[in-house]
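Visitor: Before I ask anything, let me first share the structure, which is written out below as structure tokens.
Values in this text are rule-based calculations from the coordinates and carry no lab data. None of these values were measured; they are calculated from a predicted model. Every residue, glycine among them, receives a Cβ derived from its backbone with ideal geometry; neighbour counts consider all protein chains shown.
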Amino acid sequence: MRLEEVVFQAIELWPNRVAVVHKDRSWTYAELGDHAASRKKRIAEAGFSEGDRALLWMENSAEYIATYLAVLGLGGVVVSLHPQVPASEVSRIIRHVGATGLVVSPSIRQWTAGDFDSTELRFILKEDEMILHDHRGAVMKGPAGLAQIIYTSGSTGQPKGVMLSHQNLIANTRSILAYLCLSPEDSIMAVLPFVYAYGNSVMLTHLFVGGKIVIENSFVYPNLILDRMVEERVTGFSGVASTYAILLNQSNLKAYTFPALRYLTNAGGPMLSELLNQMRSVFSDKRIYLMYGQTEAAARLTYLPPEDLDLKSGSVGRPIPGVSIKIVKEGVEIARPGEVGEVCASGENIMQGYWEDPQATAKVLDGGWLRTGDMGRLDEEGYLTLVGRNNEMIKSGAYRISPVEIEEILLQHPGVQEAGVVGVEDQILGEVICAVVTLKQNRRPTDQELLAHCAQRLASYKRPKSIYLVEELPKSPSGKVLRQGLREISRAALRAPAQAIS
Amino acid sequence: MQQIEKELRQFVIDNFLFGQGDVQFKNDDSFMERGIIDSTGVLELVAFLEKKYQIKVGSEDLIPDNLDSITNLRRFLENKLQIA
């Protein structure tokens, strides 16, 4: 069965139930089906067909869901990008994935049609406006059964396209439905971007069961989100650790009650015990699920049943139905309970590979097992505890960010000699991005100029919070930049604002 | 009140627009809709208001009507400073 067929079953079963609420609009499942059919017709007329890739550069919206279903309904592959990604990066991804269609939310303004002249797009669709291009060359088809390609940052810099099949996504969605016990009576306050695996899963789980998706795209004023949760009587809320930190520190959360709310989920990174304790105190009568996963796993791998929060404190739980976890030491040997090694996973949810990157794929897929790159241990009962990462990725808010990608952007500035980027601890975001930079003799940009340089080239969540100018980066005797040294410079500067060293 | 608006604009330009005073935004423009401020930016804005104007901003005050444009900020400050 295909992903959109499962959703169309829900549309047939529950046509009059509300599917999605966004701002002052709501669509029933029947209306969602109609909008998806209409969009499908439009993009088919523009030349989109089976196996083609469509890039959805869209905010969370009813139109996003309709477009998602339309693309899949034509046998196409959905490739989604965050609204804050700059046009230059969108263009690069379009070329990388060979997309023939681009659909853009009207709220995204930082582009012109000319930004995509170097691509082979056949159409750009923005609301009802269709721009057609005359590219009619053969389109390379990807692997059979592909539904989505989700771009995720890797430690080597450029994001990689995770290929997820219909079966990957259906298996993972059904597994999550089983342990969350979702039903048509459920509704979710959706604040996580649908373009990433966690938000994608939030969307799919509710579409599968005829639940309601209430969309709020801005977390700038969390009190608005809380008002909406009460007004729409949502039964569930999904966030990452920084979401909950913001709610606790920047909203009037403690003044609210949520009589309809049944559960909350956390994934996308660990939740510190202090934060979890505060959450449990505020939401004392709600079920809290801690979860772990990876885009490469479509995305869920483990969950901690709420009743085990005390007994298995610090754990991210046991494998979800259909998933197996093993810990591997030194790349080969299976670890015994309690021993630390790399977390590996298998199941129907594991990706097909990275788009057009067999080498990177071969590094992580091995005999049906996914090497996650995370370090952890299993206890005697099979509960997983993570003990760290074996790469240098920064986890800031809901995002996984490659420091190398930001370093490369900084090095593009003519005044920058060397750049080192690290994550430094932050109470709200988990980590904030800091850059330490040396300058060339002939060009001496200020830190503000370099921040502006990054702002023009990076999505907002990838931009450094601070840039520190130094005479020399900390290095080992062999010349390797020491990230711990960069962190120390950044921490010291955050405590007492640094001055540029001229 | 023009002085307050000038101070507020300069804070926004210095802290969220990297000192680029040529980025155009009107006093009534929504920071949220223009993408000028994100959720951690609100914390920086609140810290600035409390320090500069010696007011207390409560968690119930963190709503767009109070904070989401230069005009809204000015009105919010007028109320707070009258009460103080």
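Visitor: Apply 1/(1 + (r/R0)^6) to the Cβ-Cβ distance of B:ASN79 and A:GLU5, taking R0 = 51 Å, and write down the FRET efficiency to the nearest 0.05.
Guide: It comes out at approximately 0.35.
Visitor: With both partners inside region A:123-279, how many of the DSSP beta bridges are antiparallel, as a percent to the nearest 5?
Guide: 50 percent
Visitor: Projecting each Cα onto the charge dipole of region A:166-389 (Lys/Arg +1, Asp/Glu -1 at the beta carbon, about the Cα centre), which of A:LEU275, A:TRP355, A:ALA255 comes out farthest on the positive side?
Guide: Comparing the listed Cα positions along the dipole, A:ALA255 ranks first.
Visitor: Still on this structure: Can you tally the net charge around A:TYR292? Count Lys and Arg as +1, Asp and Glu as -1, for every other residue whose Cβ sits under 12 Å from the Cβ of A:TYR292.
Guide: +1
Visitor: Then there's this: Can you run phi through the Karplus equation (6.51, -1.76, 1.60; θ = phi - 60°) for region B:50-66 and list ³J(HN,Hα) in whole Hz, with x for Gly and Pro?
Guide: 5, 6, 5, 10, 6, 10, 10, 9, x, 5, 6, 7, 7, 9, x, 4, 8
Visitor: Distance in nm between label sites at A:GLU425 and B:ASN15, each 7 Å beyond Cα in the beta-carbon direction?
Guide: 2.5 nm
Visitor: Right, here's the next one. Residue-wise, which Karplus ³J(HN,Hα) couplings in Hz belong to region A:450-463, taking 6.51 cos²θ - 1.76 cosθ + 1.60, θ = phi - 60°, and x for glycine or proline?
Guide: So the J values, rounded to whole Hz, are 6, 5, 5, 4, 5, 4, 6, 10, 10, 4, 4, 6, 9, 7.
Visitor: Right, next: Once the piece of chain linking A:ALA44 and A:CYS181 is laid out straight, how much longer is it, given 0.36 nm per residue of separation minus the C-alpha distance between them?
Guide: 45.6 nm
Visitor: I've got another one for you. When the helix-only estimate is applied to chain A (DSSP H runs of n ≥ 4, each -39,500 (n - 2.57), divided by the residue count), what is the mean residue ellipticity at 222 nm, nearest 500 deg cm²/dmol?
Guide: The per-residue figure over chain A is -9000 deg cm²/dmol.
Visitor: Still on this model: Place a point 7 Å from Cα of A:GLU129 in the direction of its Cβ. Which residues in region A:105-122 have their backbone N less than 12 Å from it?
Guide: Inside the label zone: A:105-114.
Visitor: Roughly how far apart, in whole Å, are the Cα centres of region B:9-84 and region A:91-122?
Guide: Using only Cα atoms, the two centres lie 34 Å from each other.
Visitor: Of A:LYS160/A:LYS363; B:LYS56/B:LYS80; A:LYS440/A:LYS465; B:LYS6/B:LYS80; A:LYS23/A:LYS465, which pairs sit farther than 20 Å apart, going by alpha carbon to alpha carbon?
Guide: Where the Cα-Cα span goes over 20 Å, the pairs concerned are A:LYS440/A:LYS465; A:LYS23/A:LYS465.
Visitor: How much of the DSSP beta bridge set in chain A is antiparallel, as a percent to the nearest 5?
Guide: 60 percent
Visitor: Report the calculated FRET efficiency for A:ASN442 and A:ALA362 (r = Cβ-Cβ distance, R0 = 45 Å), to the nearest 0.05.
Guide: The value I calculate is 0.55.
Visitor: Taking the Cα centre of region A:171-296 as origin, work out the dipole magnitude from +1 charges on Lys and Arg Cβ and -1 charges on Asp and Glu Cβ, in debye rounded to 20.
Guide: 200 debye
Visitor: Picking from A:ILE188, A:SER402, A:GLY161, whose Cα lies most toward the positive end of the charge dipole for chain A (charges on Cβ: Lys, Arg +1; Asp, Glu -1)?
Guide: Value computed over the given set: A:SER402.
Visitor: Now for a separate question. How many angstrom lie between the C-alpha centres of region A:321-374 and region A:174-248?
Guide: Spelled out, the Cα-based centre of one part sits 29 Å from the other.
Visitor: Find, among the trypsin sites (Lys or Arg not before Pro) in chain B, those assigned to loop by DSSP (not H, G, I, E, B) with at most 16 other beta-carbon atoms within 10 angstrom.
Guide: The qualifying sites are B:LYS26, B:LYS56.
Visitor: Among A:ALA30, A:ALA70, A:LEU132, which residue has its Cα furthest toward the positive end of the charge dipole of region A:25-142, with +1 on Lys/Arg Cβ and -1 on Asp/Glu Cβ?
Guide: Going by the charge dipole, the pick is A:ALA70.
Visitor: Still on this structure, please answer the following. Which whole-number percent is the relative contact order of chain A (Cα, under 8 Å, 6+ apart)?
Guide: Relative contact order for chain A comes out at 11 percent.
Visitor: With no solvent and one equal point scatterer per Cα, compute the Debye intensity ratio I(q)/I(0) for region A:166-389 at 0.09 Å⁻¹ and report its log10, rounded to two decimals.
Guide: With no solvent term, the Cα-only Debye profile gives -0.37.
Visitor: Okay, moving on. Give the shape of region A:230-344 as rounded, prolate or oblate, defined through the alpha-carbon gyration tensor: a ≥ b ≥ c are the square roots of its eigenvalues, a/c under 1.5 means rounded, and otherwise the shape is prolate if a/b is larger than b/c and oblate if not.
Guide: It comes out prolate by the Cα gyration axes.
Visitor: Between B:ALA47 and A:ASP285, with labels modelled 7 Å along Cα→Cβ, what's the label distance in nm to one decimal, could you check?
Guide: Spacing of the two 7 Å Cα→Cβ label points: 3.7 nm.
Visitor: Counting only DSSP beta bridges with both residues in region A:34-140, what percent are antiparallel, rounded to the nearest 5?
Guide: Once the DSSP bridges in region A:34-140 are tallied, antiparallel ones form about 25 percent.
Visitor: How far apart, in nm, are two points set 7 Å out from the Cα along the Cα-to-Cβ line at A:SER313 and at A:GLN484?
Guide: Label-label distance for A:SER313 and A:GLN484, simple model: 2.9 nm.
Visitor: Take every Cα-Cα distance within the protein assembly as shown, group them into 10 Å bins from 0 onward, and report for each bin the whole-number percent of pairs it holds.
Guide: Here the calculated profile for the protein assembly as shown is 3, 16, 26, 28, 19, 7, 1, 0.
Visitor: Could you go through region A:277-293 in sequence order and give the Karplus-derived ³J(HN,Hα) for each residue, using 6.51 cos²θ - 1.76 cosθ + 1.60 with θ = phi - 60°, rounded to whole Hz, and x for Gly and Pro?
Guide: 4, 5, 4, 5, 5, 6, 10, 5, 9, 10, 8, 10, 10, 8, 9, 9, x
Visitor: Go ahead and run the numbers for FRET between B:GLU5 and A:GLU333, Cβ-Cβ distance against an R0 of 60 Å, rounding to 0.05.
Guide: E between B:GLU5 and A:GLU333, to the nearest 0.05, is 0.35.
Visitor: Treating only the Cβ atoms of Lys and Arg (+1) and Asp and Glu (-1) as charged, compute the dipole magnitude of region B:21-84 about its Cα centre; round to the nearest 20 debye.
Guide: 320 debye
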